[in-house]
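Trainee: First the structure, then my questions, so here it is.
The values are calculated or read from the model by the stated rules, or taken from the named source; none is laboratory data. Values in this document were obtained by computation on a predicted structure and should not be read as measured data. Here the Cβ is made from the backbone with ideal geometry for all residues, glycine too, and neighbour counts use every protein chain on show.
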C-alpha cells in the first residue's frame, strides 16, 4: 500500500472512532432540555429524600436528590409527573465556632424526568418533616403493608401538603436563605454542627425566580 493511501485510511479510521466515542458519551449523559419548565412562582412541589442526608458525610458539589410524589400541574396540565427527581447540589458549608449556627447551602435548580431529560427549575425549601412512621411508597404514596385505609398521619407524623411551611419534628434544624450577588440559595442550619435527615424525609419545595 502506498504511503499516501495508508495515511488517508488511518485518518479515516481515527475520525470514525472519534465520532463513535462522542456518540457514546452523548447517549450516556442526561438529556438537557433547551427550555426551562414554566411553572408560576410559589408553586409547591412535594417530594421525599431518596437517601439519608448527613452533613458530616457531604462534600461541596455532592448531589442531594428528592423524588416528587404528586403530579405538579399548571392549571389542568401536568407539568412535572410524580416520580421525577429534584436534584440539588451542595454549594458550600457555613462552619462557624460552636454556639453559632452551622449551615449547608444547597442549590436546587434541576429536575430530572423519567425519560432522563434534565430541565432547569429554581427551587427553595418551603417545609421539611421526617418520613411517616408507616412506610410509604414514594411513587404511589400508599403504605407498603397494603392497609390502604390507614393514613400515615394517624401514626405520629403528618404527611406534608402544598400549604405546609417550616420545620416539623426536627427541633434542631432551621430553614433559611443565603442572599448574595449570585442570588438566593436555600440553607439548612443548626446549632448542633451536624444535620441529619432520614431517607424518605418529606420536603416541600417552592418554585421561585432565579
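Trainee: Of the numbered conditions (1) in contact with a strand residue (DSSP E or B) (Cβ under 7 Å, 6 or more places away or on another chain); (2) at pLDDT below 90; (3) loosely packed, with under 15 Cβ neighbours inside 10 Å, residue 143 satisfies every one except a single condition; which is it?
Mentor: Just one mismatch for residue 143, condition (3).
Trainee: Right, something else. Count, please, the residues in segment 183-197 that happen to be part of a loop (DSSP other than H, G, I, E, B) and either surrounded by 15 or more Cβ atoms within 10 Å (Cβ to Cβ) or in contact with a helix residue (DSSP H, G or I) (Cβ under 6 Å, 6 or more places away or on another chain) (or both).
Mentor: 3
Trainee: Which one of 89, 77 is modelled with pLDDT under 95 and on the phi < 0 side of the Ramachandran plot?
Mentor: Sole residue among the options that is modelled with pLDDT under 95 and on the phi < 0 side of the Ramachandran plot: 77.
Trainee: Are there any pairs, at least 6 apart or on different chains, whose C-beta atoms fall under 7 Å, with the first in segment 156-172 and closer than 14 Å to residue 125 by Cα and the second in a loop (DSSP other than H, G, I, E, B), and if so, which?
Mentor: 167/173
Trainee: Ok, one more. Look through 66, 51, 105 and report the one residue that is touching a residue at least 24 places away in the same chain (Cβ under 8 Å) and not in a strand (DSSP E or B).
Mentor: 51
Trainee: Then there's this: Is it the case that residue 100 is within 15 Å of the chain's Cα centre (by Cα) and touching a residue at least 12 places away in the same chain (Cβ under 8 Å)?
Mentor: Against the criterion (within 15 Å of the chain's Cα centre (by Cα) and touching a residue at least 12 places away in the same chain (Cβ under 8 Å)), residue 100 does not qualify.
Trainee: Still on this structure, I have one more. Tally the residues that are over 17 Å from the mean Cα position of the chain (by Cα) and at positive phi, restricting the search to segment 179-200.
Mentor: So the answer is 2.
Trainee: A further question on this structure: Please determine, by comparing only the residues of segment 69-97 that are touching a residue at least 12 places away in the same chain (Cβ under 8 Å) and assigned to a loop (DSSP other than H, G, I, E, B), which one is nearest to residue 177 (Cα to Cα).
Mentor: Ranking the qualifying residues of segment 69-97, first place goes to 95.
Trainee: Being farther than 22 Å from residue 174 by Cβ, buried (at least 20 other Cβ atoms within 10 Å of the Cβ) and in contact with a strand residue (DSSP E or B) (Cβ under 6 Å, 6 or more places away or on another chain): is that true of residue 66 here?
Mentor: no
Trainee: Which numbered condition trips up residue 52, out of (1) more than 13 Å from the chain's Cα centre (by Cα); (2) loosely packed, with under 14 Cβ neighbours inside 10 Å?
Mentor: (1)
Trainee: Based on what the data block shows, is residue 84 over 18 Å from residue 186 (Cβ atoms), surrounded by fewer than 18 Cβ atoms within 10 Å (Cβ to Cβ) and out of contact with any helix residue (DSSP H, G or I) (no Cβ under 9 Å at 6 or more places or on another chain)?
Mentor: No, not satisfied.
Trainee: Conditions: (1) modelled with pLDDT of 85 or more; (2) farther than 30 Å from residue 38 by Cβ. Residue 202 meets all but one. Number of the miss?
Mentor: Of the numbered conditions (1) modelled with pLDDT of 85 or more; (2) farther than 30 Å from residue 38 by Cβ, the odd one out for residue 202 is (2).
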